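Structure record follows, encoded as structure tokens.
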Amino acid sequence: MSAADEARVLAAVPTGLHVDGEWAPAASGRTFDVHDPSTGDVIATVADADASDGLRALDAAVAAQAAWAAVPPRTRSDILRRAFDLLRERADDLALLMTLEMGKPLAESRGEVAYGSEFVRWASEEAVRVSGRYGTNPEGTGRTVVLKRPVGPCLLITPWNFPLAMATRKIAPALAAGCTVVVKPADLTPLTTLALVGILAEAGVPHGVVNVVTTTSAGDVCEPLIRDPRLRKLSFTGSTPVGSTLLAQASERVLRTSMELGGNAPFLVFDDADLDAAVEGALLAKFRNVGQACTAANRFLVHEDVADDFVRRVTERVAAMTLGRGTDDGVDVGPLIDDRAVDKAERLVDDAVARGAVVRTGGARVDGTGTFYEATVLDGVRPGSELLTTEIFGPVLAVSTFADEEEAVRKANDTEFGLVAYAFTRDLARGQRLAETLETGMLGLNVGVVSNASAPFGGVKASGLGREGGLEGIQEYLETVYLMTPDPFAA
Ligand code: NAD
């Protein structure tokens, strides 16, 4: 991709708020800058909403709700399908835009466009499969009818690390179910979401159904909406502390919520594992998105008999990785999102080393332009190291060992989080035992990536509430209503 491509893609992105089908500046006229993390350059300036803009967006969503819910499911499905086709057509430009604002290598951005688009296709297929049921009550005195209806206007708050997929995972099922939405993307990476909203409008989503507010004052804009009785649902993806603040706000009105929160994934390698597959899986589970994924393997727990071999093999591969700007050919590891992320990686690695871990490769921030941290392998991580309890969110592969399955499971579960776990073993029964004993919402058995639009993505414990994707995804945006009737044969 050339500099001309970059300029063209950036020039095409809408930079206003999208309210009731119109792109407009913030009421205050305020804006904020979006940066390329690999250079620090300002690449766009977008509208900076305040509380009044947020409320206008909610007004639009509320006004559009009844008409959108009345649109036949097949029509909603067709609109989503058109949006999927447009996303696929524009995949290269969207991927470039994502790399520019977020930093990851272009090939990975293309992967996210493909993955994120699949939620739109999946939801277009689910839109026409919402059904209820009819039955006789056990006493035979009546009939029970169960029906589903859209929950109503939703607030969707998304993080910066997967700017397309985290938005499509919420917007598409909400629209399929017949809900209208206000989307609040992360201020670090709003551009991909703005481009997506433009595509949805082009695909025929009516005015007011999808509204987007970009802002640097997330709390000021979102809290009044959460406390507004017209809002019926909050779906949030982000960190556990912010999720828990939002849950507290939502509790006042008993607002329906879905929460996709932080992770601390264990990656277990047993002594019977196919080590080649385990190494490939490890690299995917750790370095995808430059380690900035809720599903990123955070703690590598390796059986002591194979640990040296595993560490030697991953070190060879990690040491050969190329760091650089995500738009350049041959780059494996892009920048982290900002200085704070680099400071955090540095702090966590230094702490682990001070407690006895050994750096096999990497282990330092990269001075100069952009916010880079070296691809790193740490061996012999000791109990008490902060990175065992904290999401690293960077390219740091940290290994410690276990002696048997019982110890592996105990260590894996020794966290407040429970989003995803990975396990490599050739023993099928062990794989099944792990599915029953690991405290996790998802398990990758002999694979390093679990994300798929057809599967229910989500966590247990402090990793969240609810699921996105799969048959479950659309249910988050539907109410269950039950109707009782008399026995129609009774005299
Ligand atoms: P974050 O919690 O800082 O921000 C997430 C979103 O919430 C952003 O849009 C932000 O502007 C907004 N926000 C922040 N404070 C708010 C407030 N008081 N009121 C309303 N909105 C507020 O998280 P992040 O740094 O953007 O994302 C990284 C985190 O997200 C990690 O913890 C990661 O594990 C998690 N994550 C989870 C999943 C999942 O599916 N479980 C997926 C991706 C990321």
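Restricting to the stretch 293-320, name every residue that is closer than 30 Å to Asp92 by Cα and surrounded by fewer than 17 Cβ atoms within 10 Å (Cβ to Cβ). Even if it seems obvious, please write down each step before you answer.
We begin by selecting, within the stretch 293-320, every residue closer than 30 Å to Asp92 by Cα; these are 293-297, 317-320.
Answer for the stretch 293-320, where residues must be closer than 30 Å to Asp92 by Cα and surrounded by fewer than 17 Cβ atoms within 10 Å (Cβ to Cβ): Ala319, Ala320.
Residues of the stretch 382-398 being closer than 13 Å to Val349 by Cβ and in contact (Cβ under 8 Å) with a residue 60 or more places away in the chain, which ones?
Leu387, Leu388, Thr390, Ile392, Phe393, Gly394, Pro395, Val396, Leu397, Ala398
Can we say Ala398 is touching a Lys or Arg at 6+ places or on another chain (Cβ under 9 Å), small (Gly, Ala, Ser) and within 25 Å of Gly464 (Cβ to Cβ)? Steps first, please.
On the way: touching a Lys or Arg at 6+ places or on another chain (Cβ under 9 Å): yes; small (Gly, Ala, Ser): yes; within 25 Å of Gly464 (Cβ to Cβ): yes.
So Ala398 passes the test.
Condition first: surrounded by 19 or more Cβ atoms within 10 Å (Cβ to Cβ) and in contact with an Asp or Glu (Cβ under 8 Å, 6 or more places away or on another chain). Now tell me which residues in the stretch 389-411 satisfy that.
Across the stretch 389-411, the qualifying residues are Pro395, Val399, Thr401, Phe402.
Inside the stretch 1-97, counting only strands (runs of 3 or more DSSP E) that do not spill past its ends, which hold 3 or more residues that are closer than 30 Å to Ala107 by Cβ? So that I can check it myself, show each step before the final result.
Working: elements: 17-19, 22-24, 31-35, 42-47.
Once the strands (runs of 3 or more DSSP E) in the stretch 1-97 are filtered for at least 3 residues that are closer than 30 Å to Ala107 by Cβ, what remains is 31-35, 42-47.
Residues to consider are Leu200, Leu188; find the one that is part of a loop (DSSP other than H, G, I, E, B) and not hydroxyl-bearing (Ser, Thr, Tyr). Break it down into steps so the answer makes sense when it comes.
Details: Leu200 fails: part of a loop (DSSP other than H, G, I, E, B).
Criteria check complete, one pass: Leu188.
For the stretch 183-207, what are the residues that are away from the ligand (no atom under 14 Å from the Cβ) and among the charged types (D, E, K, R)?
Quick first cut of the stretch 183-207, residues away from the ligand (no atom under 14 Å from the Cβ) only: 195-207.
Matches in the stretch 183-207: Glu202 only.
Restricting the stretch 444-467 to residues that are assigned to a strand (DSSP E or B) and within 15 Å of the ligand (Cβ to nearest atom), which is nearest to the chain's Cα centre (by Cα)? Can you show your working first?
First pass over the stretch 444-467, keeping only residues assigned to a strand (DSSP E or B): 444-445, 457, 460-461, 464-465.
Okay, now just the ones that are also within 15 Å of the ligand (Cβ to nearest atom), so 444, 457, 460-461, 464-465.
Working: Gly444: 17, Phe457: 9, Val460: 15, Lys461: 17, Gly464: 12, Leu465: 14 Å.
Filtering first and then ranking leaves Phe457.
Just for the stretch 214-240: of the residues that are under 15 Å from Gly466 (Cβ atoms) and polar (S, T, N, Q), which one is surrounded by the fewest Cβ atoms within 10 Å (Cβ to Cβ)?
Thr240
Right, Thr376: among the polar types (S, T, N, Q), in the same structural domain as Gly334 (by TED's automatic domain parsing), more than 16 Å from the ligand (Cβ to nearest atom) and touching a helix residue (DSSP H, G or I) at 6+ places or on another chain (Cβ under 6 Å) or not? Outline the logic, then answer.
Numbers: among the polar types (S, T, N, Q): yes; in the same structural domain as Gly334 (by TED's automatic domain parsing): yes; more than 16 Å from the ligand (Cβ to nearest atom): yes; touching a helix residue (DSSP H, G or I) at 6+ places or on another chain (Cβ under 6 Å): no.
Here the answer is no, as Thr376 does not meet what is asked.
The values are calculated or read from the model by the stated rules, or taken from the named source; none is laboratory data. Everything quoted here is computed from the prediction, not taken from an experiment. Counting neighbours? That spans all protein chains shown, and the Cβs are built from the backbone with ideal geometry, glycine included.
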